[in-house]
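Chemist: Structure incoming, see below.
The values are calculated or read from the model by the stated rules, or taken from the named source; none is laboratory data. Computed from a predicted model, the values in this text were never measured in an experiment. Glycine also receives a Cβ, built like all others from the backbone with ideal geometry; neighbour counts cover every protein chain displayed.
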Amino acid sequence: MINRRENRLGYFPRIMIWLFSLFIFFGLAGTWLPSFGYLPIIGNTEFSFKPWHDFLTYPGFLNSLKSTLISGLGASLTALTLAIGVVSLSYGNRAWSLFEKFLAPILSIPHAGFAIGLAFLISPSGWIFRFISPELSGFVNPPDWAIIKDGFGLSLMFCMILKETPFLLLMIMGSLSRIDIQGTLAVGRSLGYNKFQVWFKVIVPQFFPDIRLPFYAVIAYSLSVVDLAVIIGPTAPPTLPVLILQWFNDPDIAMRLTGAAGACFLLILVVLIISLMFLLEKATVVILSKKAVDGKRKSILSHITRVSDLTIFSFLFFTIMALAVLVVWSFTWRWRFPDVFPESWSLLFWQKSFMKVKDPMLITFVTAFVSTIISLILTIGCLEYELTIPKEKLTNDLSRLIWFLYLPLLIPQIAFIFGVQIILTILGLDGLWITLALSHLIFVQPYVFLTLSSIYRNFDIQYTNIGAILCGSYLKAFIFIKLPMLMRPVLFAFAVGFSVSVAQYIPTVFIGAGRFATITTEAVNIAGGSDRRVVAVYALYQLLLPMTLYLLAIFAPKIAFRNRKKMQV
Amino acid sequence: MTLQLNEIKISHDNQPLFDSLSIIIKKGEIATVMGPSGCGKSTLLAAICGSLSQDFQLSGDILLEGNSLIQVPMELRKVGILFQDDFLFPHMDIGSNLAFAIPQGVPAKERKLKINKVLEKAGLKGFYKRDPATLSGGQRARISLLRSLLAEPKALLLDEPFSKLDKALKEQMRSYVFEQVREMNIPALLVTHDPDDNAGDQVVNL
């Protein structure tokens with residue numbers, strides 16, 4: 001009976017855990033050993049502290065560390081504050097429901113394309129300045145200000161805040177579905193607390209444990225992001241991760257050792273900061289749990305609902321405008337500062353680029369498609385396996401699994417992907433498409449699992465049981481009853497996984513060994529180019545694939561079940 | 001054709017849910033197990049149809065036509081089950097819901113004919129293409145029963161199937177179900193907390 005299914009399904013979690021362990025273990029080993037001078041493939045077999053010494057005494061090290069910390073810590077802490085503030089102040093109102101509608105498409109926008117659009121929007125010669133010039137600002141020429149690529153990494157921080165706050169909000173929303181918000185608010189308000197007080201004292205403490213790991217993932221990401229930092233981050237010196245990438249790509253092959261030391265340093269930095277955040281959280285809990293029962297009913301914060309709504313609108317503003325300016329630039333022929341719109345338009349850059357992006361688009365699509373399909377199969381296999389084991393055992397398994405799932409998101413990519421490449425080179429497996437797809441899978445898997453799991457677990461198993469009893473086959477019931485009933489969340493998880501794969505930069509550069517150009521690596525490579533029209537076209541191509549998938553995920557179930565009332569949500 | 005429970009005992013964390021239960025149900029008979037909510041009635045049915053969660057330990061034997069079901073997977077037991085919720089598949093029309101239950105090997109044309117026949121008999125003529133969500137509670141309950149029976153089960157389990165219906169409908173549905181089961185001539189086991197549900201055959205109190 002169930003045991004037989006348990007045995008077969010048991011392979012799925014095992015495959016997943018092995019795959020993750022292999023990648024991470026060999027990745028870390030392949031980075032830490034070179035950081036102490038051991039890299040036989042370039043002839044270094046002597047252990048030494050020279051790479052660490054070279055790294056720590058690099059002239060730009062301190063400046064680079066400074067901009068990394070400012071942008072990374074600033075972005076993750078601001079995003080967390082904004083996400084909690086916005087949900088507490090605006091949940092359920094009109095601004096919120098508008099935001100809810102746009103959340104999925106906003107999240108589907110790949111970081112690189114978004115950063116390019118944002119740069120075109122806020123830079124001194126960007127759209128905003130063109131709108132206010134020369135009438136309001138008096139500028140006839142773009143001002144000589146370092147708004148983007150500033151030395152502190154502020155523009156990088158701003159860009160990450162715009163991307164990470166919606167991500168944390170999505171995670172919060174997932175968690176909120178398990179809390180009876182209306183009931184809690186009703187009880188709290190009848191006890192004399194205002195809405196914000198109820199949120200702050202009762203609801204936030206309930207969902208915070210659920211967003212702890214996503215928040216740590218945001219920290220790790222913000223401190224180690226490469227593609228965004230290349231596009232919109234500081235340059236001389238760049239942030240640490242970009243510096244490390246430059247060393248890994250240096251013509252002088254010995255610089256890879258310095259890069260490895262830097263990558264390990266970055267990992268230590270992330271671990272330290274996450275530990276610090278953990279302690280800070282514990283301290284905050286001690287202080288706030290006393291405050292929660294101090295009986296105070298009033299708070300000045302409750303008067304800033306408007307500020308929260310304004311935050312929502314500015315998020316929507318910057319995102320939509322960043323996309324709009326890309327579209328305008330991509331059709332531009334001549335556009336002089338400070339004109340608000342181009343003088344003349346052209347299709348030339350779309351036409352010229354088509355042949356060039358054809359192959360990268362195909363590689364991007366196939367890689368994303370295959371890695372996401374494998375990831376969906378693994379995820380569904382694991383979730384089906386869950387159904388076959390007793391609940392008590394499950395709670396143990398699950399708490400371990402969730403850390404495992406987050407591991408690839410908590411370790412900076414650059415701190416283990418280089419190592420994976422080294423190991424693959426030793427094994428003679430570098431530059432294969434299949435390893436590229438597998439490396440994408442490592443990062444797609446957590447997102448697919450986290451997107452799908454809660455809805456999948458909530459599925460009423462009686463439907464599958466009854467289906468199996470009726471047709472005499474569990475598999476048939478699974479395929480014809482469960483999967484179609486879960487079509488919406490499954491397609492949505494597919495779209496999420498797909499866009500994660502499309503956006504991968506570091507794994508594509510390293511594991512692809514330069515042999516596979518995706519639209520993302522192409523877009524990042526030409527982002528520094530001077531012709532905004534070409535850059536805009538590439539950025540839009542990068543947005544095209546995930547957007548299409550999201551639209552499909554939204555509309556396909558609507559069309560397929562247009563005559564089924566209970567399937568409409 | 002009988003359904004036989006031999007000293008069935010179900011425990012959770014080594015706590016038995018009820019005293020061991022033995023019962024023999026002949027074909028065409030509808031036995032009733034009575035008990036307040038939470039006494040393990042639904043768990044008993046889950047054990048019989050094979051969907052018992054691994055959190056429970058089962059001892060004793062379940063025999064259908066003399067063969068033990070204990071090692072048989074749920075989907076091969078040929079034991080149908082009906083709940084208070086209809087569990088009609090929301091993504092399929094009524095016809096497909098019913099077709100899903102008809103055993104394989106029956107050609108498509110015949111399946112359709114059969115479905116139309118049972119629909120007509122149930123007073124639901126022309127409902128083939130309807131969306132389950134647009135039917136009334138009573139209609140859905142009837143379809144759900146028809147679906148269970150179309151799978152040609154060798155026994156039927158009824159888990160408080162009438163408790164969600166209003167009083168007049170309950171009466172109707174009860175006699176409809178009893179009539180259908182007697183017509184199929186299979187053993188049926190009904191669990192309920194409502195003394196009115198009893199079909200006139202043997203009654204066991206849990």
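Chemist: Please list, ordered by first then second residue, the pairs with beta carbon atoms under 6 Å, 6 or more apart or interchain, first in the range A:27-42 and over 20 Å from residue A:251 (Cα atoms) and outside the structural domain of residue A:413 (by TED's automatic domain parsing), second polar (S, T, N, Q) and assigned to a helix (DSSP H, G or I).
Modeler: none
Chemist: When you look at residue B:60, is it part of a strand (DSSP E or B), touching a residue at least 40 places away in the same chain (Cβ under 8 Å) and within 11 Å of another protein chain (Cβ to nearest Cβ), yes or no?
Modeler: No.
Chemist: Being over 16 Å from the mean Cα position of the chain (by Cα) and assigned to a helix (DSSP H, G or I) is the filter here; which residues of the range A:431-451 pass it?
Modeler: From the range A:431-451, those over 16 Å from the mean Cα position of the chain (by Cα) are A:431-438; that's our starting set.
Scanning the range A:431-451 gives A:433, A:434, A:435, A:436, A:437, A:438.
Chemist: Out of all the residues in the range A:312-327, which are β-branched (Val, Ile, Thr) and either buried (at least 20 other Cβ atoms within 10 Å of the Cβ) or over 22 Å from residue A:163 (Cα atoms) (or both)?
Modeler: As a first pass, look at the range A:312-327 and keep what is β-branched (Val, Ile, Thr): A:312, A:319-320, A:325, A:327.
Of everything in the range A:312-327, those that are β-branched (Val, Ile, Thr) and either buried (at least 20 other Cβ atoms within 10 Å of the Cβ) or over 22 Å from residue A:163 (Cα atoms) (or both) turn out to be A:312, A:319, A:325.
Chemist: Could you tell me whether residue A:407 is in the same structural domain as residue A:492 (by TED's automatic domain parsing), surrounded by 15 or more Cβ atoms within 10 Å (Cβ to Cβ) and either touching a Pro at 6+ places or on another chain (Cβ under 6 Å) or not small (Gly, Ala, Ser) (or both)? If you could, list the steps in order and put the result at the bottom.
Modeler: Numbers: in the same structural domain as residue A:492 (by TED's automatic domain parsing): yes; surrounded by 15 or more Cβ atoms within 10 Å (Cβ to Cβ): yes; either touching a Pro at 6+ places or on another chain (Cβ under 6 Å) or not small (Gly, Ala, Ser) (or both): yes.
Judged against the criteria, residue A:407 is a match.
Chemist: Given (1) within 30 Å of residue A:5 (Cα to Cα); (2) of a type outside the set (Phe, Trp, Tyr); (3) within 18 Å of the chain's Cα centre (by Cα), where does residue A:500 come up short, assuming only one miss?
Modeler: If we test residue A:500 against (1) within 30 Å of residue A:5 (Cα to Cα); (2) of a type outside the set (Phe, Trp, Tyr); (3) within 18 Å of the chain's Cα centre (by Cα), just (1) comes out false.
Chemist: Within the range A:293-349, track down each residue that is part of a helix (DSSP H, G or I) and small (Gly, Ala, Ser).
Modeler: Our first condition is that a residue be part of a helix (DSSP H, G or I); within the range A:293-349, this holds for A:300-330, A:348-349.
If the condition is that a residue be part of a helix (DSSP H, G or I) and small (Gly, Ala, Ser), then A:302, A:308, A:314, A:322, A:324, A:330 are the ones that fit.
Residue by residue, here is whether (1) in contact with a helix residue (DSSP H, G or I) (Cβ under 9 Å, 6 or more places away or on another chain); (2) not polar (S, T, N, Q) holds:
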| residue | (1), (2) |
| --- | --- |
| A:307 | yes, yes |
| A:311 | yes, no |
| A:336 | no, yes |
| A:339 | yes, yes |
| A:368 | yes, yes |
| A:375 | yes, no |
| A:389 | yes, yes |
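Chemist: Select from the range A:398-429 the residues that are assigned to a helix (DSSP H, G or I) and free of Cβ contacts under 8 Å to residues at least 24 places away in the same chain and list them in ascending order.
Modeler: Restricting attention to the range A:398-429, the residues satisfying the condition of being assigned to a helix (DSSP H, G or I) are A:398-410, A:413-415, A:417-427.
Across the range A:398-429, the qualifying residues are A:398, A:399, A:400, A:427.
Chemist: Return only the number of the condition from (1) surrounded by fewer than 20 Cβ atoms within 10 Å (Cβ to Cβ); (2) more than 20 Å from residue A:550 (Cα to Cα) that residue A:104 does not satisfy.
Modeler: (2)
Chemist: For a quick check of your reading of the model, give me the residue pairs whose first member lies in the range A:266-278 and is part of a helix (DSSP H, G or I), whose second is surrounded by 12 or more Cβ atoms within 10 Å (Cβ to Cβ) and among the aromatic types (Phe, Trp, Tyr), with beta-carbon atoms closer than 6 Å and at least 6 apart or on different chains.
Modeler: A:274/A:216
Chemist: Another question, if that's okay. With a cut-off of at least 1 residues that are touching a residue at least 60 places away in the same chain (Cβ under 8 Å) and within 27 Å of residue A:452 (Cβ to Cβ), name the helices (runs of 4 or more DSSP H) lying wholly within the range A:126-207. If you could, list the steps in order and put the result at the bottom.
Modeler: Values: elements: A:127-132, A:154-176, A:181-190, A:195-198.
Filter on the range A:126-207 gives A:154-176, A:181-190.
Chemist: Further, regarding this structure: Out of everything in the range B:79-89 that is crowded, with 19+ Cβ neighbours inside 10 Å and farther than 14 Å from residue B:189 by Cα, what residue ends up being farthest from the chain's Cα centre (by Cα)?
Modeler: B:89
Chemist: I'd like the residue in the range B:20-53 that is without any contact (Cβ under 8 Å) to a residue 40 or more places away in the chain and not in a strand (DSSP E or B) and, out of all such residues, is farthest from the other protein chains (Cβ to nearest Cβ). Before you say what the answer is, go through the steps one by one.
Modeler: Step one: list which residues in the range B:20-53 are without any contact (Cβ under 8 Å) to a residue 40 or more places away in the chain, which gives B:22, B:24, B:38, B:43, B:46-47, B:50-51, B:53.
Then drop every residue that is not not in a strand (DSSP E or B), which leaves B:38, B:43, B:46-47, B:50-51, B:53.
Values: B:38: 18, B:43: 14, B:46: 9, B:47: 11, B:50: 6, B:51: 5, B:53: 7 Å.
Of everything passing the filter in the range B:20-53, B:38 is farthest from the other protein chains (Cβ to nearest Cβ).
Chemist: Also: Can you find a residue in the range A:219-226 that is farther than 15 Å from residue A:164 by Cα and touching a residue at least 60 places away in the same chain (Cβ under 8 Å)? Don't jump to the end; show me each part of the working.
Modeler: Applying the first criterion (farther than 15 Å from residue A:164 by Cα) to the range A:219-226 yields A:226.
Those still in the list that are touching a residue at least 60 places away in the same chain (Cβ under 8 Å) too: A:226.
Yes, the conditions are met somewhere in the range A:219-226.
Chemist: Now for a separate question. Can residue A:57 be described as under 23 Å from residue A:226 (Cα atoms) and without any contact (Cβ under 8 Å) to a residue 60 or more places away in the chain? If you could, list the steps in order and put the result at the bottom.
Modeler: Working: under 23 Å from residue A:226 (Cα atoms): yes; without any contact (Cβ under 8 Å) to a residue 60 or more places away in the chain: yes.
So residue A:57 fits the description; yes.
Chemist: Moving on. Find the helices (runs of 4 or more DSSP H) located wholly in the range A:456-509 whose residues include 1 or more that are hydroxyl-bearing (Ser, Thr, Tyr) and within 14 Å of chain B (Cβ to nearest Cβ), and list them.
Modeler: Numbers: elements: A:461-471, A:474-477, A:487-503.
Passing ranges, in order: A:461-471, A:474-477.
Chemist: What do you reckon, is residue B:198 surrounded by fewer than 20 Cβ atoms within 10 Å (Cβ to Cβ) and closer than 18 Å to residue B:64 by Cα? Break it down stepwise before answering.
Modeler: Numbers: surrounded by fewer than 20 Cβ atoms within 10 Å (Cβ to Cβ): yes; closer than 18 Å to residue B:64 by Cα: no.
No, not satisfied.
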